1. Taking a ≥ b ≥ c as the square roots of the eigenvalues of the Cα gyration tensor of segment 137-178, is the shape rounded (a/c under 1.5), prolate (a/b larger than b/c) or oblate?
2. Using Cα springs under 10 Å in a Gaussian network model of the chain, which residue among 39, 67, 161 shows the largest mean-square fluctuation?
3. For the chain, what does the relative contact order come out to in percent, with C-alpha contacts under 8 Å and a separation of six or more?
4. Based on the alpha-carbon gyration tensor of segment 38-150 and its eigenvalue square roots a ≥ b ≥ c, which shape applies: rounded if a/c is under 1.5, prolate if not and a/b is larger than b/c, or oblate?
5. Among 188, 125, which comes first, second and so on when ranked by fewest other beta-carbon atoms within 10 Å?
6. Could you line up 170, 186, 6, 117 from fewest to most neighbouring Cβ atoms inside 10 Å?
7. Post the alpha-carbon centroid distance, segment 188-209 to segment 48-70, in whole angstrom.
8. Measure out, as a whole number of angstrom, how far apart the alpha-carbon centroids of segment 114-147 and segment 161-186 sit.
């Protein structure tokens, strides 16, 4: 059984942890405030979940979800994330994160910033363009009608395939945007951000960016 580590256990992190447990994964959840603050979430998730530190979530996760404010990227445990598949759900909000010049200037993307800080990790951008409410409630089993689609981007094809399988298991179709730099196409203020659409609709929105 695969273990998914979570660094960040807010709305998106908590929702993804619930979906992971519902689909047979073990999870280790963490945040910046300490494992003792995650008791309620772990009790809700049951025997397949436990709380730990970010370093423990990174080290013990077969893959790791990073879902934190962009301003906190430099607090991540680089050594423990070395060589790991890292799913980046992050979005840049200047009012929360402060002004980050390289993002304001378009010199890199949110995921590019994370990849630069984690040079040996395999970063895939996913789950950033959907609200936690829709993520938790709008999934449809594979082959069902009315399935929404989510975009992903990443430089490593094998890692993209792994994340695509996870998205499918969680009830959504997948649209591959391409390499990690193409993650900009579904960042905030772009047509695919917040879009609830099928694969064709998401593909059109990505093309418009």
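All of the numbers you see were taken from the coordinates with simple rules; none came from a lab. Since this is a predicted model, take the numbers as computed values, not measurements. Please note: Cβ atoms are built from the backbone with ideal geometry, for glycine as well, and neighbour counts cover all protein chains shown.
1. Values: a/c = 2.89, a/b = 2.08, b/c = 1.39.
Since a/c reaches 1.5 and a/b is larger than b/c, the shape of segment 137-178 is classed as prolate.
2. 39
3. Details: 427 pairs, mean separation 34.6, N = 209.
Reported relative contact order: 17 percent.
4. Numbers: a/c = 1.70, a/b = 1.19, b/c = 1.43.
Judged from the Cα gyration tensor, segment 38-150 comes out oblate (a/c at least 1.5, b/c at or above a/b).
5. On the way: 188 13, 125 32.
Final ranking by Cβ density, sparse to dense: 188, 125.
6. Details: 170 19, 186 28, 6 32, 117 15.
In order of increasing Cβ crowding within 10 Å: 117, 170, 186, 6.
7. When both Cα centres are located, 29 Å separates them.
8. Measuring centre to centre over Cα atoms gives 7 Å.
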